[in-house]
Each structure stands twice: as C-alpha cells, then as structure tokens.
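Below you'll find the structure, written out as structure tokens, and then a few comments.
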Amino acid sequence: MALVNEHFLKLPGSYLFSDIAKKVNTFKVTHPGKDLIRLGIGDVTQPLTPAVIKAMHVAVDEMTSKDTFRGYGPEQGYDFLIDEVIKHDFASRGIQLERSEVFISDGAKSDTGNIGDILRHDNTIGVTDPIYPVYIDSNVMGGRSGELQEDGKWSNVVYIPCISENDFIPQIPEKRIDILYLCYPNNPTGTTLSKAELKKWVNYALANDTLILFDAAYEAYIQDPEIPHSIYEIKGARKCAIEFKSFSKTAGFTGIRCGYTIVPKEVTAATLSGERVSLNKLWNRRQSTKFNGTSYITQRAAQAVYSPEGQKEIKEIIDYYMTNARIMKEGLESIGLQVYGGDNAPYLWVKTLDGLSSWKFFDQLLYEANVVGTPGVGFGPSGEGYLRLTAFGNREDCLEAMKRIKKWI
Ligand SMILES: *Cc1c(COP(=O)(O)O)cnc(C)c1O
C-alpha cells in the first residue's frame, strides 16, 4: 500500500485565485456583456523585449546544427549567465560572489518552495504577515507548519504582522525563529525595508542562528536609491541569508521561466549534534539530483536582459508599470482611500472602506465598479481589511479602473 504525504491533506481546499475565479465567473454569468478590468493576479502584461527575442532566435538556430547544438547543460546554469548576474546584480553594488554561489533556476517560486528539501522538518518558521502564500504552503507540505488553527494561522509558524499601525515594518517577535522568510519589495503590500530595518533582521539572524530566506523578486522596481536591492548589502548577511531572484517581474519572464538563487559559501545550518553544514553544498546536491537546468534558450534570453539594449528596454517597461502604480495611487488617494506601497513595487495595498472585510470590499469593487482586485486576507490574517491591486495592467485599463472606482465611490 502506498501511503500519501498526509501533510498535503492539511492544506485548505482551494487556492485564493480559484476562489476569485469562481466569483468572477458568477459575475460574468449573471451580468453578460459587462466588461471587467482585472487588477488582481500578479502577472505581467507587456511582451518580451526585442533584445530578449533576438537572443532566443539565435539560440534556437544554434540548436539546428550539430556543432552548436546544446543538450544537458550544467544543473547550476551556464557561466555566460552566471557571470552577468554577478557583474550586474552584485558586483555593481560592491558584493563579491563566486560562480558556485549562484544557482540559475526556472524561477523563484520553485526555489522558495524547494529550499525546504535541505532543511529539517522541525525548524520553526517565521513569516511577515501578509505574505506570498508559497512560503507557508510549501512548509505545510514539508510537515513544518503544525496544524491550521481557527484564527487562520498555523501552529508552528510565527506570524509577524505588517499593518498600517506599524507602517508595515516587521517587529522582532518574542518567540525564536529558525527560518525566516522576508520578501522585499513586498508582495502583497508593495512596501519596502530601509537598510537600517533590514540590518536589524540580519543582526537578529546572526545573534539567534536564524536562516533568512530573502525573496528579492521585485528588486528591479526599487526607485528610491536608499533602499537595499540585495540583502548582501548588509554586513554579515553572507553568513545567514539565501537570496532568491527572478526574471519574471523584471523582464516579463513569467511564461519563459528563469530565476536564480544565491547560496553563499558561509551560510551553514546545524545537524542535531551541532555540526555545521554548508547549505551551498546541500543545495548543489539537491539541484543536481532533482533539477536538470534551465533551458539553454531561456538562459540566453536572460543573458540578453543584461545587454545595454536589454537594460534599456526593461527599464522602459518597469517605468510603464510604475507610472500605472502612480496613476492608481494618486487616483485612489484623491477619493479618500488609504493606499500603501506602489512607490518601489508594482503593488498597491488599499485599506477597505468603512472597515469592510477584504472579501466584502472585493465583492463591492467587482459588482459596483467592475474591477477585480485580490482580497488581502488571502495573503494571511494580517491582510484582513485590505485589498491588493497590481500595476501590471495596460495603461488604458488602469485609467478606466480609476474612473469607475471614482464614479462608484
Ligand atoms: C512573482 C513572484 C515570484 C516569482 O516567481 P517565479 O516563479 O520566478 O515566476 C517570487 N516571489 C514572489 C513574492 C512573487 O510575487
């Protein structure tokens, strides 16, 4: 008899975005002909840029000839991409990395979800709340979360609230944490951490032997020069942090799939007997066994992002989305809504009107303004009373959505 991993059965039945899809479908059936503006799901809308497309075409052509054909590549990624990553994303900020500290992957969702493979099941987990659901759900699957309680929290997870009352700045919790997830700029709140705030967490990790898993998927959206792009800008982080990056939001790779993870040589975790083990070695072993590398064509596409044309092109797209964010933020604030984020991230975190619940506000927005957002509570208990809007839409849709919301309010 094959037994299942029963931890999977603890996961609540449906996923946030399928609940939303159901509500949207009901609306469509009962309101035929009404068009909806979707500012809910965090996918990009602008196509890949010419430099990326050109590189992919060249790579495809290379596959047609025996001399240039590429089969299995290194599981950790090709040096041509790793070198660009090190030079542009780290050396430019004074961070030195070795090639073997960079692991090219098919995206940050896989890596943030899979990293648990190399960590024991009985670590305590800490998350800022609200948060990208993958961090918690992947720990549920790994048996690390405990049980789901009535308040919507898992018993072995420490929730660190990030709410308007504390300016969305996480405070050090009383209970010790073994593994802490941080995501900055943040999805879903669109807020950031200053160097001083991030330093506080690195110092906490060093003092408490905590491993930080730092998700920097939205790093490219940072506009303020004072905000750190990488956790390794903070002294000591090389000893206690793993960092995840993705080309998805940076360069429209949500369908192409490419990201990378940095595991510095100095990061270690303990065995039960207290011996220190290099996580770089373990992650390398894990990837070599379970992952066969990101496709050559994709890695050439990612390399092109770092070319001068590529950099110019993605900057234009990021500016486009950030202009959307500004238009939406100003529009919503002008009618008295409280809006957070949107300055250094493509997300707006909107406080619901009159203390409505996230889902009630979602319904009102859907039925009265025909705009689809994402209920904040779907990202964790502290998301209750908020709604997330994304700036990844088309300009016309953002403008039209603001018109509709103003009319409704
Ligand atoms: C979109 C997103 C990612 C990127 O995931 P990919 O698998 O690289 O597409 C990672 N983390 C967060 C918080 C995200 O919102």
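The values are calculated or read from the model by the stated rules, or taken from the named source; none is laboratory data. Quick caveat: nothing in here was measured; it's all calculated off a predicted structure. Don't worry about glycine lacking a Cβ; one is built from the backbone with ideal geometry, like all the others, and counts go over all protein chains shown. Note: accessible area is taken over every heavy atom of the protein model, side chains too, but ligands, DNA and RNA are not part of it. Shrake-Rupley method; radii C 1.70, N 1.55, O 1.52, S 1.80 Å.
Ligands, DNA and RNA left out, the 1.4 Å accessible surface of segment 140-267 is 49% carbon and sulfur atoms. Look at the alpha carbon pairs under 8 Å that are at least 6 residues apart: their mean separation over the length of segment 63-171 gives a relative contact order of 18 percent. Approximating the spin labels as points 7 Å out from Cα along Cα→Cβ, the residue 87-to-residue 17 distance works out to 3.4 nm. Please check: in the Gaussian network model of the chain (C-alpha springs, under 10 Å), which one of 347, 367, 320 has the largest mean-square fluctuation. Maximum fluctuation in the GNM of the chain, among the listed residues, is at 367.
Over all orientations, the chain has a Cα convex hull whose mean projected area works out to 22.8 square nanometres.
Please check: in the Gaussian network model of the chain (C-alpha springs, under 10 Å), which one of 375, 32, 47 has the largest mean-square fluctuation. Result: 32 has the largest fluctuation of those listed.
Over segment 1-145, the alpha carbon radius of gyration divided by the compact-protein estimate 2.2 N^0.38 Å works out to 1.48.
Most tightly packed first, judged by the mean number of other beta-carbon atoms within 10 Å of their residues, the peptides 234-244, 335-345, 17-27 read 234-244, 335-345, 17-27.
Here the extension length gained between residue 99 and residue 270 equals 59.1 nm, from 0.36 nm per residue of separation less the Cα-Cα distance.
Of the three principal axes defined by the Cα atoms of segment 166-259, the extents in descending order read 40, 25, 22 Å.
As a rough guide to protection, the peptides 138-147, 250-259 ranked by mean Cβ packing within 10 Å, highest first, stand as 250-259, 138-147. Looking at the chain, the accessible area is 45 square angstrom per residue; that uses a 1.4 Å probe and ignores ligands, DNA and RNA. Between residue 290 and residue 407, the C-beta separation translates, for a Förster distance of 60 Å, into a calculated FRET efficiency of about 0.70.
Backbone geometry of segment 151-157 corresponds, through the Karplus equation with coefficients 6.51, -1.76 and 1.60 at θ = phi - 60°, to 3J(HN,Hα) couplings of 7, x, 9, 8, 5, 9, 10 Hz, x marking Gly and Pro. Using a 1.4 Å probe over the heavy atoms of the protein chains, calculate the carbon and sulfur portion of the accessible area of segment 20-129 as a whole percent. Carbon with sulfur: 54 percent of the solvent-accessible area. When restricted to Cα atoms, segment 200-299 yields an Rg and a Dmax of 15.5, 46 Å, respectively. Debye-formula intensities of segment 339-409, expressed as log10 I(q)/I(0) at q = 0.18 Å⁻¹, are -0.66 (one equal scatterer per alpha-carbon, no solvent). Residues within the reach of a label modelled at residue 171 (point 7 angstrom out along Cα to beta-carbon, backbone nitrogen below 19 Å), restricted to segment 183-204, are 192-194, 196-204.
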